[in-house]
Structure formats: C-alpha cells, structure tokens
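Asker: The following block contains the structure, expressed as structure tokens.
The values are calculated or read from the model by the stated rules, or taken from the named source; none is laboratory data. Because the structure is predicted, anything quoted here is derived from the model rather than measured. Cβ coordinates were reconstructed from backbone atoms using ideal geometry, including for glycine residues, and neighbour counts include every protein chain displayed.
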Amino acid sequence: MFKWLEKNLPKIVLAPAVGLISWFVYGFILWTFYISFTNSKILPKYELWGVGQYVKLWASRKWLIAVDNLLIFTVLFLVICIVIGIILAIFLDQKIRAEGVLRTIYLYPMALSFIVTGTAWKWILNPTLGIQKLFIDMGFENFTFDWLVNRDMAIYTIVIAGVWQSSGFVMALFLAGLRSIEDEIVKAAKIDGANLFTVYWKILIPMMRPVFFTSFVILVHISIKSYDLIVALTQGGPGISTTMPALFMTQAAFHKSQVGLSAASAMMMFMAVAAVIIPYLYSELRRENVS
Amino acid sequence: MSVNAIASYKQLEQQSKVKNLILRWFLYFILILFASYFIFPLYVMIVTSFKTMEEIRQGTLLTLPGELNFKSWAVAWGGRGYGAGDTFLRPYFWNSIKMVVPAVVVSTFIGAMTGYVLTKWRFKGDSWIFLFLLFGCFIPFQAILLPMARTLGFLGISNSILGLVVVHIVYGIPFTTLFFRNYYVSIPNELIKAARIDGAGFFKIFFKILLPISAPIIVVTVIWQFTQIWNDFLFGATFSFGKAAPIQVALNNMVLSSTSVKEYNVDMASAIIAGIPTLIVYVLAGKYFIRGLTSGAVKG
C-alpha cells in the first residue's frame, strides 16, 4: 500500500488540477453544447430539440448585428494595434533616451481593467463636456464629436478605447522580438549597403513572423471575448448598435430567460476561438518539439 | 585623394548629419505624440477627480482644478452618509481583497505542484495532460457561465465571495501551470536525480530544491493572477450582486446608476481607486508584469 502510494504520488498530486479542469472546463463545455440543442427557456430542459436554437440565433437581427460589430471591431482593433505596436517598437529600438519611461507609459493601460478603461473613455468621449467641448473652447466652434451617442459611430469608440488598452502590449511583444535578433544580421546588411529602412522592411519585419502570429491570436482572442469594455462604455447602445456576441450571450442567459439560445451563442463563440487557437497550439507544439 | 574630393566628402558627411538630426527629431516627435495619447486619459482622470462639478462645467478636460478638492475621493470611498442608494467603494474594495488573496495563493500553489510533476516526474502521456490543461487558457468563458452558475447554486455558494474564489482558482490553474511548467523545464534534471539518489522524496525535492529557486516565477505568477482576478468583471457580474460584489462590478454600478446629476469627478475618483492596486503593482514590478504578459499571453 505504502509502496503504491509512493510510486503514484506524482499522479495523485496532479489529480486535483486534472479533475477540476476536466469537470469545470471540458464537462461544462459539453453541458453547454448539449443545452444548445434543447428548448431551454428560464431553466435548462434536457429533452433534445434539434438545431432550433441555432436557426433562431442566425435569424435574430440582434445576433447578426453582434457578429457584424465583432467583425468591424476585430479588423480595426487588430490592424491598428499591430501598426502602432510595430511603429513604437521600431522607434524605441533606436537607442532612444528615456526608453524605460516611454515603455512604461505605453504599457500601463494593460494594468487597468476594461471597466476602468471604459469609465475613463466614456467621460472623455462624452459629447457635452468631453473632447467636443475641449475643441470648441480651443476655437473650433463647429467641432462636433458625438460618436458615443451616434448609432453608426459608437462601435468606433470601443475601438479607440480597446486600442488604447492593448497596443502597448503588441509593442512589448515586437520589442522583445526585435531584441532577440542578432545584431550581426543588421550589421552585415548595413555593410552590404542597405539603409535602415531596408533593413527593417526587408529583413527584420519578415523575421518577426512568429510575433505577428502571436499578436494576431491574442488580439483576436481578446476581441471575441470583449464584454467588459462594451458594458462600461456603451452597454451595447445606443439601442443595440454596439452589441457583441459576449454581451448577447449574457443578456440572453441572465436577463431574457433564453438559456438554450444563449448556449447556442456561447458555442458559436467557442468555435470561433477554437478555429484560431487550435492551429496556433499545434504550431507552437511543433516548434517546441523541433527545438 | 584630391582636395576637391575631400571637400565634397565633408559636405556629404555634413549633409548626412543634418539628415540624421532631422530623423532623430522626427523619431522623438512620434514617440512623444504616442506617449501623450497614452497618458491623456490618466491625466484627465486625475484632474477631473479633484475638480468641483462647477469647474468641470466651466473648463475643459485639460484645465487644472483651482485647488485640490478631495471631496469626490471621500464620496467615492466612503459615501455621502445618507442611507438608501448611497453606493461607495470601501466595502467592495475589501470584497476584492478577500477574493484575490486566497484565490491567488491557492491557484499559484496548485500550478507549482502540477508544473513540478509535469517536468520532473514525467510519465507516458504527460505532454498530453499539459495540452489538456493548457487549452483551459483559451476558452471563452461564455461557454462555461451557465453550468457554473448552476453549480455554484447547487453548492450553496452563489452570490458569495467564496464562490468567486472557487471560480478564480479553477480558471487560474491553466495559467499558473503554464508558468511553472515553462520555468521548471529549464531547470536541469541532474539536480533532481542527485537528490533522489540521496534519498530525498517527492515533497522534499520540491520544498528543499525547487521552491528556493522559484522566486522569480512565483512573482510573475502572483502578479499575473492578481491582475487578472482584480480586474475581472465577467465572473463578478455574473455570479455575485449586491453586497458580495467585487470592486469592478461596484465601480460599474456606481458609474451607471442614474442619479439626477452625473458626477464625473466622483466617477473618476472611483475609477482611480479601482485601478490603483494593479497600477502600483505595475509600477513597482513592471519587469515581472511584462514577463508574465509576454510568456503567459504568448501562449495564453
């Protein structure tokens, strides 16, 4: 008995983590998956109902708006964060004075919650006393900036706040990537007569492919899950113009007693994340096995 | 080399110096421009929190307050002193502390143990177990919200701090495991082998050999978990309401509660209070914070 215990001690120590994750991650996802095929309203029902919830989901105007918003947000968030991140990383890499201070400033928003971020930007973007008044008082009398309360533009305020929160992080990733490249390569290219622009454009940026990939995965992941920022900034409004899938899911589940429908929307989000993550994990593991 | 050639060379050098100088100025200009974009909201939050509502209506986002007015801070932290509808952050701040401390400690400990087993007591199929756990870093939590709400109800700990502690421990394990596993993998196995020959057992090796050299990764993990849990809103808002809410939920409720007049100065003071613990950690231990972000988030 004692021998057995000693021999299996590592596995016993591993058991709580494996058990908890099996139940709370895999078991729960399976449960949600199952419920998405039932006609559950306020409480879960367990008799199968087929794909009705998915049909209902994709016929729902609100869900379509949510998906639309997610696409707009993801594309802009991704592109702007990566562009700002690369520019800042390359510029910071030029033996800049006070690099540490600048880096700290670029990255601190990452330490703040999306609720704090949203609260701050909501005040800044507020159409009466915020940025609009700042410009009017500066002499631009006809300046208007009402994106926060404008149905067509409100989604871009979420982009502004999201980019502010996350682009410093992309900068940190690229800076780490640039610093890991041997100076020799850059020197050799310069001896061959390449100017700094060519060195970056033709040599260093192409070498950053793994960093692009990583940033892509993380940013898409953040944007699919984005919930707090919308709650704090617009609550999905004006109307339902800034709804996103995560908001749709919680509202259906906890305010509208549409448990089946919310399970279906959660599974759509899960599949979207899986489509990005599984290839990523696969390539990461392959790289690890090769090295 | 002719005199002429030297002159033109010098001219060329001069030109390139001027060009370089312009380039440097451009570089600093762009960097400072972005720095002001990042610093702007923090500046606005701080100055707004010290203004009176009158000053807010009169001035703009950038104008400084006439004097440092701490009233909004007092209201944000301790309320106005009358009964109904008086929400303030103090009790929720403590809720968050009571939630964060046990959740961070337990999830870090479990992560350390699993990371230890997965690297130093390897067995057939252990890398699959790692992958199995790692996947938990990526799931959108919406896929587990409904069953979690039911489970907490079943256990009788819904709408309680204990319930949130459990939730944060469980969903922190994939990350803490990842951190420790990646750290311990770089520690030479010879160290462990030698200790085993000397007769040290499973726990002795962990506590006497690995733990004393784990300080850096413990710091990274604790900071990561602290920031994640302190800043969480989704779990807090879904599984707790009223008195058991953590600070982010309370902040959101405070800002959204539509009293007759919107008090932006109180809102900003509240936002700073809710953000200050993680900001302090970031300023004090920025290096570890970034290391956690890049290694944890590179894979998570």
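Asker: Within the stretch B:1-59, which residues are touching a residue at least 12 places away in the same chain (Cβ under 8 Å), among the hydrophobic types (A, V, I, L, M, F, W, C) and either out of contact with any Pro (no Cβ under 6 Å at 6 or more places or on another chain) or part of a helix (DSSP H, G or I) (or both)?
Answerer: Of everything in the stretch B:1-59, those that are touching a residue at least 12 places away in the same chain (Cβ under 8 Å), among the hydrophobic types (A, V, I, L, M, F, W, C) and either out of contact with any Pro (no Cβ under 6 Å at 6 or more places or on another chain) or part of a helix (DSSP H, G or I) (or both) turn out to be B:Val44, B:Met45, B:Ile46, B:Val47, B:Met53, B:Ile56.
Asker: Continuing with the same structure: Whether any residue in the stretch A:158-168 is touching a Gly at 6+ places or on another chain (Cβ under 7 Å), free of Cβ contacts under 8 Å to residues at least 40 places away in the same chain and either crowded, with 21+ Cβ neighbours inside 10 Å or in a helix (DSSP H, G or I) (or both) is what I want to check.
Answerer: The answer is no; no qualifying residue exists.
Asker: Those residues that are at pLDDT 85 or above, part of a helix (DSSP H, G or I), within 21 Å of B:Asn265 (Cα to Cα) and over 20 Å from the mean Cα position of the chain (by Cα), I need them from the stretch A:97-133; list them, please.
Answerer: Listed by number, the residues that qualify are A:Trp123, A:Ile124, A:Leu125.
Asker: Another question, if that's okay. I'd like the residue in the stretch A:1-45 that is part of a loop (DSSP other than H, G, I, E, B) and at pLDDT 90 or above and, out of all such residues, is farthest from the other protein chains (Cβ to nearest Cβ).
Answerer: Ranking the qualifying residues of the stretch A:1-45, first place goes to A:Phe37.
Asker: Further question: I'd like to know if the stretch A:46-55 contains one or more residues that are closer than 24 Å to A:Ile224 by Cβ, modelled with pLDDT of 90 or more and within 26 Å of the chain's Cα centre (by Cα).
Answerer: Yes: one or more hits.
Asker: Something else now. Considering B:Ile169, B:Ile144, B:Ile139, which residue is among the β-branched types (Val, Ile, Thr), closer than 25 Å to A:Val276 by Cβ, in a helix (DSSP H, G or I) and within 11 Å of chain A (Cβ to nearest Cβ)?
Answerer: Among B:Ile169, B:Ile144, B:Ile139, only B:Ile144 is among the β-branched types (Val, Ile, Thr), closer than 25 Å to A:Val276 by Cβ, in a helix (DSSP H, G or I) and within 11 Å of chain A (Cβ to nearest Cβ).
Asker: Right, another one. Could you say which residue among A:Asp152, A:Asp93, A:Asp146 is among the charged types (D, E, K, R) and within 13 Å of chain B (Cβ to nearest Cβ)?
Answerer: It is A:Asp93.
Asker: To continue, here is another question. Could you pull out the residue among B:Phe34, B:Phe135, B:Phe123 that is out of contact with any His (no Cβ under 7 Å at 6 or more places or on another chain) and either of a type in the set (S, T, N, Q) or not assigned by TED's automatic domain parsing to the domain that holds B:Glu190 (or both)?
Answerer: B:Phe34
Asker: Which one is nearest to the chain's Cα centre (by Cα), of the residues in the stretch A:3-28 that are surrounded by 13 or more Cβ atoms within 10 Å (Cβ to Cβ) and among the β-branched types (Val, Ile, Thr)?
Answerer: A:Val25
Asker: Tell me, which helices (runs of 4 or more DSSP H) wholly within the stretch A:172-264 include 2 or more residues that are away from chain B (no Cβ under 14 Å), out of contact with any His (no Cβ under 6 Å at 6 or more places or on another chain) and surrounded by fewer than 18 Cβ atoms within 10 Å (Cβ to Cβ)?
Answerer: A:183-191
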